[in-house]
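Colleague: Here it is: the structure, laid out below.
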Amino acid sequence: MANIAVFGAGYAGLVTGVCFSELGHNVAIRDVVPEKIHRLRSGKAPIFEPGLEDLMERNDERLTYTLDLAEALEGADFFFVCVGTPPTYSGDADLSAVWSVIDELARAGKETHGTLVMKSTVPVGTGEKVRAALDARGLTHVGYVSCPEFLAEGTAVRDFLNPDRIVIGAWESADADAVESLHRGLDAEVVKTDVYSAEMVKLAANAYLGTRISFINEIANVCELVGADVEQVARGMGLDRRIGTHYLRAGIGFGGSCFPKDISFLKLLAGNSGYHFQLLNAVIEVNELQKRRVVSKLQKHLGSLRGKRVALLGLAFKANTDDMREAPSKVLASRLLAEGAEVRVWDPVAHPGDLQPAVTVVDGALEALEDADAAVIVTEWAELRELDWAQARDVMRTPLLIDGRNLLEPEEVRSVGFVYEGIGRVANAFEGLPEAEEPKLA
Ligand code: UDX
């Protein structure tokens, strides 16, 4: 059993800290935002993450939430850096929060002992800079380990407690062994390597997953032109053990706080190191175009979108999270407004946040569909599978559905009178919107 101090109560820090307490360690989670700490002390998580609050409750006696540095460091053997590293305007990583932790450790005094563990996603080479910063501040006896996280939002607790692998990068094997021992109880292969490679594993893993998504999205776009069904294609591809079925779901592009950022980190890192990473350029460009393809699908059926009412069903960048960071819904809403459409949006948990004010936010999916000329499934919420689509057709002005996540069964939706179009799914060539009613002659 160890004493762990976690810096940063965001997704990575909270899930990491709480899950380590589940493994029996004493964990102090330190953040600089008072509201977060107050909420945590009341047993509530400041993020929407299934299973997290249950674990917080079960391990309450081993968990401390604090704003106070001294309280966090008291008796700590490990200092987990889980602070945000958002992109700067240049796309480089903003490491200011990382440097603050280093400065605080230095202020805590030269007798500070322990191992600093980098969990935040950082460009390759950051470990070297942190090592130099620790040494420069007289903290030569503080060890350094890179231990990237691979937690996906919505399944983060499960991902931590059932990891595919644990990656540990260190200069000193004693530091690596110490961090490995923290994970005792988890059944996973441990990849012990050097710091640079550990940092690269994280970026490369996310970039590769993004590449798979952009690839299957392009396959989907070709499927539409040649009459194939991407869902069948992905299945046929994915059963090849060299390919695998994961991350082959075509849709309206990837979003979130990780993929877009980490892919641009890696692209820039390569560029700053003298290498032109062409593939990642394409991955990013395909993804941006994919978010916008829904607009041309709507125009194909509706013509000009000026004055048309479009309902966006789902705002979060994916289901089971309230996170809107880099969400395709934002780009889509803005594109539709730019085309003169009226946009109504609904999401079960995500708050519209920085969506344009011209967007109307409503509390229910059916409410969003009222008098709509088209509906777009933007997030694969389970509620949309259970929605009464016959009732939805009745409240809409025009029964047109663009399924941006291939969430529904096309024939089921068509059977209740919808014109249905998915992503990379065979469109029904004879399918057309019902003729507008001839005005009754007086
Ligand atoms: C990701 C990584 O999965 C995780 O390992 C890392 O630590 C953080 O980044 P997350 O951003 O939570 O996690 O989301 P993820 O579930 O990976 O999805 C990322 C985006 O890709 C979402 O917008 C999702 O809708 C999209 N996606 C995912 C697809 O479009 N198709 C797929 O097949 C899978």
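Colleague: Cα atoms only: what Rg and Dmax, in Å, come out for the stretch 149-295?
Modeller: Every Cα atom of the stretch 149-295 included, Rg and Dmax give 17.8, 58 Å.
Colleague: Still on this structure, please answer the following. Can you compute log10 of I(q)/I(0) for the chain with the Debye formula, treating each Cα as one identical point scatterer, at q = 0.05, 0.07 Å⁻¹?
Modeller: Relative scattering, expressed as log10 I(q)/I(0), comes to -0.21, -0.41.
Colleague: Another question, if that's okay. Tell me the label-point distance for the pair Arg292, Asp164, using the 7 Å Cα-to-Cβ offset, in nm and rounded to one decimal.
Modeller: 3.2
Colleague: Quote the charge dipole size of the stretch 1-129 about the Cα centre in Debye, to the nearest 20; the model charges only the Cβ of Lys and Arg (+1) and of Asp and Glu (-1).
Modeller: On the way: 11 positive and 19 negative charges, 19 e Å.
Here the size comes out at about 100 debye.
Colleague: On the protein heavy atoms, probe 1.4 angstrom, tell me the percent of accessible surface of the stretch 108-204 carried by carbon and sulfur.
Modeller: Numbers: 2050 of 4030 Å².
Answer for the stretch 108-204 is 51 percent, counting heavy atoms of protein chains only.
Colleague: Related question: Could you give the size of the charge dipole of the chain about its Cα centre, using +1 on the Cβ of each K and R and -1 on the Cβ of each D and E, expressed in debye and rounded to the nearest 20?
Modeller: Values: 45 positive and 66 negative charges, 196 e Å.
Once rounded to the nearest 20, the dipole reads 940 debye.
Colleague: Can I ask one more? In terms of solvent-accessible area of protein heavy atoms at a 1.4 angstrom probe, what is the ranking of Ile219, Ile37, highest value first? It would help to have the intermediate numbers written out before the result.
Modeller: On the way: Ile219 50, Ile37 0 Å².
Per-residue accessible area, sorted high to low, gives Ile219, Ile37.
Colleague: Another question, then. At 7 Å along Cα-to-Cβ for each site, give me the label-to-label distance between Gln232 and Glu285 in nm.
Modeller: Between Gln232 and Glu285, the simple spin-label model gives 3.1 nm.
Colleague: A follow-up question, please. How many Å² of accessible area per residue for the stretch 3-97, probe 1.4 Å? All intermediate terms of the calculation are to be shown ahead of the outcome.
Modeller: Values: 3950 Å² over 95 residues.
Ligands and nucleic acids excluded, the result is 42 Å² per residue.
Colleague: Please give the FRET efficiency for Ser42 paired with His301, using the beta carbon to beta carbon distance and R0 = 60 Å, rounded to the nearest 0.05. Walk me through the intermediate numbers first.
Modeller: Details: r = 49 Å, r/R0 = 0.82.
Using R0 = 60 Å, I get an efficiency of 0.75.
Colleague: Tell me, what ³J(HN,Hα) does each residue in the stretch 310-321 have, in order and in whole Hz, if you take phi through Karplus 6.51 cos²θ - 1.76 cosθ + 1.60 with θ = phi - 60° and put x for Gly and Pro?
Modeller: 10, 9, 9, 9, x, 10, 4, 5, 6, 6, 6, 8
Colleague: Still on this structure: Normalised radius of gyration for the stretch 315-378, please: alpha carbon Rg relative to 2.2 N^0.38 Å, two decimal places.
Modeller: The stretch 315-378 yields a ratio of 1.02.
Colleague: Below 8 Å, C-alpha to C-alpha, sequence gap of six or more: please give me the relative contact order for the stretch 318-380 in percent. Write out the running numbers ahead of the final one.
Modeller: Details: 57 pairs, mean separation 22.5, N = 63.
The normalised contact order for the stretch 318-380 reaches 36 percent.
Colleague: When the expected Rg is taken as 2.2 N^0.38 Å, what fraction or multiple of it is the alpha-carbon Rg of the stretch 45-156? Numbers along the way, then the final one.
Modeller: Values: Rg = 15.5 Å, N = 112, 2.2 N^0.38 = 13.2 Å.
It is 1.17.
Colleague: With helices defined as uninterrupted DSSP H runs, which ones in the chain have an alpha carbon span along their own long axis of at least 30 Å and mean Kyte-Doolittle hydropathy of at least 0.0?
Modeller: On the way: long enough: 195-226 (47 Å, 0.73); 278-302 (36 Å, -0.28).
Length and hydropathy pass: 195-226.
Colleague: Moving on to the next point. Which whole-Hz couplings ³J(HN,Hα) result when phi for each residue of the stretch 417-424 is put into the Karplus expression 6.51 cos²θ - 1.76 cosθ + 1.60, θ = phi - 60°, listed in order with x for Gly and Pro?
Modeller: My calculation for the stretch 417-424 gives x, 8, 8, 10, 9, x, 10, x Hz in order.
Colleague: Between their Cα atoms, which of Lys261/Lys291; Lys202/Lys261; Lys202/Lys330; Lys267/Lys318; Lys291/Lys318; Lys202/Lys267 are more than 19 Å away from each other? Could you put the intermediate results ahead of the total?
Modeller: Working: Lys261/Lys291 16 Å; Lys202/Lys261 12 Å; Lys202/Lys330 27 Å; Lys267/Lys318 24 Å; Lys291/Lys318 13 Å; Lys202/Lys267 14 Å.
Violating the 19 Å Cα-Cα cut-off are Lys202/Lys330; Lys267/Lys318.
Colleague: Tell me the label-point distance for the pair Thr88, Glu412, using the 7 Å Cα-to-Cβ offset, in nm and rounded to one decimal.
Modeller: For Thr88 paired with Glu412, the spin-label model returns 5.0 nm.
Colleague: Then there is this: Quote the FRET efficiency, to the nearest 0.05, computed for Glu128 versus Asp363 with a Förster distance R0 of 56 Å and r equal to the Cβ-Cβ distance.
Modeller: Details: r = 51 Å, r/R0 = 0.90.
The pair Glu128/Asp363 has a calculated efficiency of 0.65.
Colleague: Here is a further query. Relative contact order, percent, of the stretch 285-418 when contacts are C-alpha pairs under 8 Å separated by at least 6 residues? The partial results should precede the final answer.
Modeller: Values: 246 pairs, mean separation 33.2, N = 134.
Once normalised by length, the contact order is 25 percent.
Colleague: Pairs of Cα atoms under 8 Å, at least six residues apart: use those to get the relative contact order of the chain, whole percent.
Modeller: Working: 858 pairs, mean separation 50.2, N = 442.
Rounded, it is 11 percent for the chain.
Colleague: Right, something else. Based on the alpha-carbon gyration tensor of the stretch 280-411, what equivalent-ellipsoid semi-axes (square roots of 5 times the eigenvalues) come out, in whole Å, largest first?
Modeller: Values: eigenvalues 83, 60, 46 Å².
Ellipsoid half-lengths, sorted descending, are 20, 17, 15 Å.
Colleague: Estimate the FRET efficiency between His351 and Glu189 by the formula 1/(1 + (r/R0)^6), using the beta-carbon distance for r and 56 Å for R0, to the nearest 0.05.
Modeller: Working: r = 39 Å, r/R0 = 0.69.
My answer for the efficiency is 0.90.
Colleague: What Kirkwood Rh does the stretch 240-317 have if only Cα atoms enter the pairwise 1/r average? Answer in Å. Mind dumping the intermediate values first?
Modeller: On the way: mean 1/r = 0.0650 Å⁻¹.
By the Kirkwood definition, the hydrodynamic radius is 15.4 Å.
Colleague: Taking a quarter of the surface of the convex hull around the Cα atoms of the stretch 200-250, what do you get in nm²? Mind dumping the intermediate values first?
Modeller: Numbers: hull surface 13.8 nm².
Computed as one quarter of the Cα hull surface, the answer is 3.5 nm².
The values are calculated or read from the model by the stated rules, or taken from the named source; none is laboratory data. Here the structure is a predicted model, which is why all the values come from computation and not from measurement. Don't worry about glycine lacking a Cβ; one is built from the backbone with ideal geometry, like all the others, and counts go over all protein chains shown. Each accessible area value is taken on the protein alone, full model and side chains, heavy atoms only, with ligands, DNA and RNA left out. Shrake-Rupley method; radii C 1.70, N 1.55, O 1.52, S 1.80 Å.
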